Amino acid sequence: METELGKSKILLQKMLIKKVNYLKKILIISFLILPINNSSAEFFRDLSNIIEFNETRLSYGVSVTDINMDGNYEFIVTGFGYPNLALTYIDGKLKNIAQDEIFIDQFRKTIGVAACDIDKDGYEEIYFLNTDTYSGTKKYSDRLIDKKDNYYFDLFEIEKNKESLNLTAGRSVVCVDRKGTGEYGIYVANYGGPTRFYEFENFKIIDKAGYLNLGNVTGGRAVVSGHILTDRADIFAANERGANFLLKNNNGNFEDVAFDYRVDDVIQNGRGTALSDIYYRGRLDILSGNWLGYHRAYVLENNKFKDIGNKDFDKPSRIRTIISADFDNDGFDEVFMNNIAEPNKLFKITEKGKFEEIKLKTALETEGFGTGAAVADIDNDGILELLVSRGESKAQSLTLYKAKVEKQSKFLRIKPINKFGAPARGATVTLISNKRKHSKTIDAGSGYLCQMEPVAHYGIRKNEKDFRVEVKWTNGKIDFMDKIKLNQTITIKQK
Amino acid sequence: MKKTLIKCLLLVVLFQIEVVAEEKNYHKELITDWSRIFPDKNRNAAGPKFFKYIIDKENTYKDFIEYNKLFCAVSGSLIDPNSDSEFLFVKESKSNSKICGNYYRCCVPCSCDVMKYSEVQKMKYKFTDGLKEFYVITIKNPCNKTDFPNRVNKNYFCNGKKINSNQVYNLDNRIVIGLLHNGRLCKKDDINLVKSHQITGQYCELRNNTPLEKLDAGMGDIFIKLAR
């Protein structure tokens, strides 16, 4: 009898163990298929304390260029009734090195900025867009700063250039090498007045907007340029109170094809815009934020742009600058959305163009009045820094962030230089490996007032190998490079 | 026990699929296609253009209902998602009966204009998920009018003196301007509710007895001139 009882007990125990194991399996499977929350408590580190004399001010656009030609980039931060700054990295600090009155220009109200070499001397001139009125005619014109013998001067102050002054309120500026010759023109997105397109011809600044059929009147907001549709510099302009422009480059002339390509978005109000390889397929598509409207992630399919932004990404917000960059060096781009008087947002673009939100704590800036932002590896450590400018309704200081990266992470930075020795803004760099074909633009400006460093920055994915780099120059010609060593910045010069 | 567990697991999987699946954003689609719906950018009183655009899409009945909550049949303007509707009645063309239902509008006067200047008709339509019947709001053919409102694009509505069926939906020689949601024959309580409501009662009584030249709210005389 006891033996029988014992056997039953053992049988019962065995059954129980079997069921517990079964339950365990079910639990594990259920756990595995629960939604994966990619939120990271602390994606960024706050480095704002390294900015010297970081006072509250009204800042707007930020550009990244090498103003003193020392091989390192500076953040150029505009001031609205405050000094324009040139922040450089020295001894672990971001220090302002702008001293010249014409550059600082405290009494004009600067909001947009972009730098490029318009006169083919290898030095990037800086276009400061001043706006002292919301729309229409303004009091103070823009400045185009050049440097000679350590002395800054405004090309617009030279008598022969005065007839070309821009006296219309505007927002963004972008550099466009429309002919592919390395002679940059500057597209000025004006608001309530005709668009300007300046070129330096016979030592004179000439507005060619009318000649190029670009002199439309709209509510110009953001404008970007790069290889969007053709092998030359195309332009996408996100506008307010009017349709966006998609200007297809046809041998240096432009044709607006926004309606045909379905990016006109006529009843939304454009803001932050960036070129990004959303599908990691070796072409530049368009991220376009709309003020309190649906943000777009346009990818080109069958000669039409299709918006693939999901409901987290497209959620309307008070959007300003949008940046697409690999902050954490994992080989996937993040999209930083700088909002004003509303928390910032960050998404990771995973394979197949899926936007996964990374919940921010640092850089959330719930109380921040974000007006602009730019990225650069300002301290040359292979990790991007993100500088956020703030102001408009409330004077606020600048903020600086850097992603926390894994110790074993690797990077590759490609810096294309054109035949005149200047950054090849508008060129496209593509990293080809066993894992991806990933294009990045050499930022020409001005995904809403701002311009990024002229470097294609790639983090490296796990188990990634067989690297090859392709540079498509602004004339459409392509140079290749292989046998690449990681963890370095490679300068590629146009032949 | 095993079967129950498998069922649980299946439920979890189905739940996950639902979470992962992207919901259709009807409002975003209308915004995206706005310049296709209104190529000349004139949407004055052009609710019928929205209706035609929507019914021409490959829709389920649910899609059709949801799209029709997002534009104002009177003004032709878009309506914010999650906006409330107005409970009102409109005369049915065929029977002269009052049909009650919900109308999604951009502004208060539009509810009054629908009640006074339009009618409803039953319409049957085959959607991707089957044949459905519903009430649509219609106006009479305006193409013979000598005072056709000049702020309305006549080409959207008319092909000569006929309704332009390529641009708007023609139902028994009347133009469909929108959908009356949840349409049904009014009960006595429904009519009392509409008449005692601050907007559909008091306000509409005032508006609908105001001479046309004195109207200064809503689409004012544009829709009325088109629909009367």
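The values are calculated or read from the model by the stated rules, or taken from the named source; none is laboratory data. Model, not experiment: these values are computed from the prediction. Here Cβ is always computed from backbone atoms with ideal geometry, including for glycine, and neighbour counts include all displayed protein chains.
Filtering region A:336-345 for residues that are crowded, with 24+ Cβ neighbours inside 10 Å, closer than 24 Å to A:H457 by Cα and either among the small types (G, A, S) or within 12 Å of another protein chain (Cβ to nearest Cβ) (or both) leaves an empty set.
Please count how many residues of region A:292-304 are of a type outside the set (A, V, I, L, M), over 18 Å from A:T441 (Cα atoms) and within 13 Å of chain B (Cβ to nearest Cβ). Adding up the residues that qualify gives 5. Applying the criterion of being part of a strand (DSSP E or B) and of a type in the set (F, W, Y) to the residues of region A:182-209, the residue that is farthest from A:L144 (Cα to Cα) is A:Y191.
Residues in region B:132-176 that are under 17 Å from B:Y53 (Cβ atoms), crowded, with 20+ Cβ neighbours inside 10 Å and without any contact (Cβ under 8 Å) to a residue 24 or more places away in the chain: B:I163 alone.
Filter the strands (runs of 3 or more DSSP E) completely within region A:336-448 down to those with at least 3 residues that are farther than 22 Å from A:G92 by Cα and either under 18 Å from the mean Cα position of the chain (by Cα) or of a type outside the set (S, T, Y) (or both). Output list reads A:345-350, A:354-357, A:370-376, A:411-417, A:428-432, A:437-441. For region A:415-457, which positions are closer than 23 Å to A:I322 by Cα, polar (S, T, N, Q) and modelled with pLDDT of 95 or more? Those that are closer than 23 Å to A:I322 by Cα, polar (S, T, N, Q) and modelled with pLDDT of 95 or more: A:T428, A:T430, A:S439, A:T441, A:Q451.
Here A:V263 fits the description: within 11 Å of chain B (Cβ to nearest Cβ), crowded, with 24+ Cβ neighbours inside 10 Å and touching a residue at least 40 places away in the same chain (Cβ under 8 Å). The one condition from (1) closer than 24 Å to A:E334 by Cβ; (2) in contact with a His (Cβ under 9 Å, 6 or more places away or on another chain) that A:D265 does not meet is (2).
Restricting the search to strands (runs of 3 or more DSSP E) fully inside region A:62-181 and requiring at least 3 residues that are surrounded by fewer than 21 Cβ atoms within 10 Å (Cβ to Cβ), in contact with a Pro (Cβ under 8 Å, 6 or more places away or on another chain) and modelled with pLDDT of 95 or more gives an empty result.
Could you go through region B:129-136 and let me know if any residue there is over 15 Å from the mean Cα position of the chain (by Cα) and either at pLDDT below 95 or of a type in the set (F, W, Y) (or both). No, because not a single residue in region B:129-136 is over 15 Å from the mean Cα position of the chain (by Cα) and either at pLDDT below 95 or of a type in the set (F, W, Y) (or both).
Per the conditions (1) assigned to a loop (DSSP other than H, G, I, E, B); (2) among the charged types (D, E, K, R); (3) within 22 Å of A:C175 (Cβ to Cβ), the sole criterion not satisfied by A:D479 is (1). Do the conditions hold for A:F369, that is, is it at negative phi and in contact with a Ser or Thr (Cβ under 6 Å, 6 or more places away or on another chain)? Here the answer is yes, as A:F369 does meet what is asked.
Only one entry in A:G242, A:G192, A:G226 is under 20 Å from A:A427 (Cβ atoms), of a type in the set (G, A, S) and in contact (Cβ under 8 Å) with a residue 24 or more places away in the chain, namely A:G226.
Scanning region A:241-260 for residues that are closer than 23 Å to B:E29 by Cβ, buried (at least 20 other Cβ atoms within 10 Å of the Cβ) and more than 11 Å from chain B (Cβ to nearest Cβ) gives A:F245, A:L246. Using the structure shown, decide if A:G476 is closer than 24 Å to A:I228 by Cβ and buried (at least 18 other Cβ atoms within 10 Å of the Cβ). No; evaluated as a whole, the condition is false for this residue.
Comparison of B:K98, B:K94 shows that the only residue that is at pLDDT below 95, surrounded by fewer than 23 Cβ atoms within 10 Å (Cβ to Cβ) and closer than 23 Å to B:K187 by Cα is B:K94.
Might you check whether a residue that is assigned to a loop (DSSP other than H, G, I, E, B) and either modelled with pLDDT under 95 or within 14 Å of chain B (Cβ to nearest Cβ) (or both) occurs anywhere in region A:268-276? Within region A:268-276, one or more residues are assigned to a loop (DSSP other than H, G, I, E, B) and either modelled with pLDDT under 95 or within 14 Å of chain B (Cβ to nearest Cβ) (or both).
Is it the case that some residue within region A:264-286 is under 21 Å from A:G353 (Cα atoms) and of a type in the set (S, T, N, Q)? Looking for residues that are under 21 Å from A:G353 (Cα atoms) and of a type in the set (S, T, N, Q), one finds at least one in region A:264-286, hence yes.
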